[in-house]
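Trainee: Okay, handing you the structure first.
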Amino acid sequence: MKITAKQFAETLYDSVEGKTEKEILSVLNNFSEIVKKNNALSMIDNILDEFSRIWNKENGIIEAKVTSARDLDKTNRKSIIEYIKEATKAKDVVLAETVDKKVLGGVILKYGDKIVDDSLLGRVRSLGRTLEK
């Protein structure tokens, strides 16, 4: 039976949970040997993605992406993080920022399975769809 990336990731998470840094290094060395022995090196990116997903879920961390027309200032970044924390009850938010001039103004926010389009471009498109009806 072939081991899936998710199974590898769950095993790795269970193995490092509550360990010291020194113990984690030992676990990682053993884990890499197991992955190699199972000819699963080609799955390492998927294993790490799954591990990250599990780690974040277990530790109350939400990954989010925000796209805006220009770099966010500290106040706006903090407001977005607080909005996501309140909406998801997360302890922490990892926010990836992208600048896209096509957005024109406002932001497009993606977190979990949600997309919040509060951009000027989104509003113009919405107005266009409304006028077409």
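Trainee: Quick one: which residue in Asp49, Asp100, Asp71, Asp45 is of a type in the set (Asp, Glu), out of contact with any Lys or Arg (no Cβ under 7 Å at 6 or more places or on another chain) and without any contact (Cβ under 8 Å) to a residue 24 or more places away in the chain?
Mentor: Numbers: Asp49 fails: without any contact (Cβ under 8 Å) to a residue 24 or more places away in the chain; Asp100 fails: without any contact (Cβ under 8 Å) to a residue 24 or more places away in the chain; Asp71 fails: without any contact (Cβ under 8 Å) to a residue 24 or more places away in the chain.
Criteria check complete, one pass: Asp45.
Trainee: Look at Asp45 and say whether it is among the charged types (D, E, K, R), at pLDDT 95 or above and closer than 30 Å to Glu86 by Cα.
Mentor: On the way: among the charged types (D, E, K, R): yes; at pLDDT 95 or above: yes; closer than 30 Å to Glu86 by Cα: no.
In short, no.
Trainee: I need the full set of residues from the range 86-106 which are assigned to a helix (DSSP H, G or I) and surrounded by 14 or more Cβ atoms within 10 Å (Cβ to Cβ), in order please. Spell out the reasoning first.
Mentor: So the first thing to find is which residues in the range 86-106 are assigned to a helix (DSSP H, G or I), and the list is 86-88, 101-103.
If the condition is that a residue be assigned to a helix (DSSP H, G or I) and surrounded by 14 or more Cβ atoms within 10 Å (Cβ to Cβ), then Ala87, Thr88, Val103 are the ones that fit.
Trainee: Take Ile62 and tell me if it is within 26 Å of Arg125 (Cβ to Cβ) and aliphatic (A, V, I, L, M). Write out each step before concluding.
Mentor: Values: within 26 Å of Arg125 (Cβ to Cβ): no; aliphatic (A, V, I, L, M): yes.
Considered against the rule, which asks whether it is within 26 Å of Arg125 (Cβ to Cβ) and aliphatic (A, V, I, L, M), Ile62 comes out as no.
Trainee: Does the range 1-34 hold any residues that are within 19 Å of Asn56 (Cα to Cα), among the small types (Gly, Ala, Ser) and either within 21 Å of the chain's Cα centre (by Cα) or part of a helix (DSSP H, G or I) (or both), and which are they?
Mentor: Selection gives Ala5, Ala9, Ser15.
Yes/no per residue for (1) surrounded by fewer than 16 Cβ atoms within 10 Å (Cβ to Cβ); (2) out of contact with any helix residue (DSSP H, G or I) (no Cβ under 6 Å at 6 or more places or on another chain); (3) assigned to a helix (DSSP H, G or I); (4) assigned by TED's automatic domain parsing to the domain that holds Ser52:
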| position | (1), (2), (3), (4) |
| --- | --- |
| Thr75 | yes, yes, yes, no |
| Ile84 | no, yes, yes, no |
| Ile108 | no, yes, no, no |
| Leu121 | no, no, yes, no |
| Arg125 | yes, yes, yes, no |
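The values are calculated or read from the model by the stated rules, or taken from the named source; none is laboratory data. Here the structure is a predicted model, which means the values were calculated and not measured. With ideal geometry, Cβ positions are generated from the backbone for all residues, glycine too; neighbour counts draw on all protein chains shown.
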